[in-house]
Amino acid sequence: MGKGRWTLVVVPHGSGASTRLQVSTAVLKMIAGGAATLLVAALVFGYFTVSRKVDLTRAAQLERENALLAEELGRLQSQLTWVSDTINEIALRDSRYRVLADLDPIDPQVLQAGIGGPAEPGYDDALARVGVLGQRATEVRVDLNALIRRANLLASSFDEAMDSLASHNSRLAATPSIMPTQGWLSSSFKAMRMHPILHYARPHKGIDITAPKGTPIQAPAGGVVTSTGWRSGFGNTVVINHGYGVVTKYAHASKILVKSGQRVKRGDLIALMGKTGLATAPNLHYEVHVNGRAVNPQLYVLPEEIGG
C-alpha cells in the first residue's frame, strides 16, 4: 500500500485470478463523506416522514374528538333548553302556591338576580380563545349556572310556601268551622239577655241549639279535651283547647263521651245533647273563646243552614 493510497484485493472462490483495486485516501474520504451525508439525509427524511404521519394521525384524532365534543355540546344545549322549560313551569306553579300560601310574589329583581350572575372573565376568555367549541362551552356553562341559581331560588321559595301552607292548614284544622250539632238556634250570642230560669239579665256568651235529647254533639275542629264534668249552671260540660288561642265549651250534655287529655279531630263525637244544669229543654250551649274573650260562634261557622 503506497503513501496516501489503499489497495483492495478481491480474491474469488475457486481458481479465478485476484483483482487489485487501488483507491486514494482522498477518494475514500469523499465516499465516506457522501455515505454519511446520505445516511443523515435518510434519517432526516425518515424523521420528517414519521413526524408528518404522527401529526396527520393526531390531527385526524383531534378532528374526531372535536366532532364528538360538538355533538355532545349540541345535546347538552338541547337538554338545557328542556330543563329551562321545566323550571319555567315550576316557577309558574310556585307563583300559584305563593298565592295560596298568602305570600307575596318573588320580587322581579330578585328573580333576575337568580337568573343572572357574575361572569368569570379569565375562564371565559380562555374558552373563547379555543374557538367555536370554546364559545359554545361558555354558553352552556353560563346557561347551566343560571339554571342552578334559579332552581335554588325556587327551592327556597317552595320551602317558604310549604311552611306557610302547613301553618295555614294547622290553623284551619284548629278553627271551629262547623256547627257541633244539628237542631235549631233557640238563643243567639248577646251582650245581655234575660235568663229563662233566673229571670234576670246577664251576658249570653254563646249560642243555644235545641234538639231532642241524645242528639250527637261533635267537635267542630281538632284539639285536646282539657276539661270534662259537672259545672254549676252548665251541667255536664266539655271544654276543648284547639290551639292558637281558641277554646270551645259544650254544656247541658246528657252524656260525655270523651276524657280529659284526649285528642280529637273535627267531626269526632264528644257528647250527647241533654238538659243538665240550668236548662228548660234539651239543648247545647256552645261557646267559642279567642284569647280568653268570648266571641260569636257563628262567625267561625262556614255558611250553612241550621235546621229548624
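Here are a few things to note about the model shown:
- In segment 220-233, residue farthest from K265 (Cα to Cα) [restricted to those that are in contact with a Ser or Thr (Cβ under 8 Å, 6 or more places away or on another chain) and buried (at least 20 other Cβ atoms within 10 Å of the Cβ)]: T228
- When the test is whether a residue is surrounded by 22 or more Cβ atoms within 10 Å (Cβ to Cβ) and in contact with a strand residue (DSSP E or B) (Cβ under 8 Å, 6 or more places away or on another chain), I270 passes it.
The rows are residues; the columns are (1) modelled with pLDDT under 75; (2) farther than 17 Å from L144 by Cβ; (3) surrounded by 11 or more Cβ atoms within 10 Å (Cβ to Cβ).
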| site | (1), (2), (3) |
| --- | --- |
| R64 | yes, yes, no |
| L68 | yes, yes, no |
| S78 | yes, no, no |
| E89 | no, yes, no |
| L100 | yes, yes, yes |
| D104 | no, yes, no |
| G114 | yes, no, yes |
| P121 | yes, yes, no |
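- Among residues of segment 168-195 that are surrounded by 14 or more Cβ atoms within 10 Å (Cβ to Cβ), those with a Cβ under 6 angstrom from a residue that is modelled with pLDDT under 85 and of a type in the set (G, A, S), sequence gap 6+ or separate chain, pair up as Q182/G307.
- Subset of segment 276-308 that is among the β-branched types (V, I, T) and over 13 Å from M179 (Cβ atoms) - its residue that is modelled with the highest pLDDT: T276
Okay, residues lined up against (1) in a helix (DSSP H, G or I); (2) modelled with pLDDT under 75; (3) touching a strand residue (DSSP E or B) at 6+ places or on another chain (Cβ under 7 Å):
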| residue | (1), (2), (3) |
| --- | --- |
| L8 | no, yes, yes |
| R20 | no, yes, yes |
| K29 | yes, no, no |
| T37 | yes, no, no |
| F45 | yes, no, no |
| T57 | yes, yes, no |
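Here's the yes/no breakdown for (1) over 42 Å from the mean Cα position of the chain (by Cα); (2) assigned to a loop (DSSP other than H, G, I, E, B):
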| position | (1), (2) |
| --- | --- |
| G214 | yes, yes |
| G229 | yes, no |
| G233 | yes, yes |
| V239 | no, no |
| M273 | yes, no |
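- Matching residues in segment 255-271 - criterion: being over 12 Å from V238 (Cβ atoms) and in a loop (DSSP other than H, G, I, E, B): G261, K265, R266, G267
- Test for K249: is it at pLDDT below 95, within 18 Å of G206 (Cβ to Cβ) and of a type in the set (K, R): no
The values are calculated or read from the model by the stated rules, or taken from the named source; none is laboratory data. In this text, all values refer to a predicted model and were calculated from it rather than measured experimentally. Cβ sites come from the backbone with ideal geometry, for glycine too, and all protein chains shown count toward neighbours.
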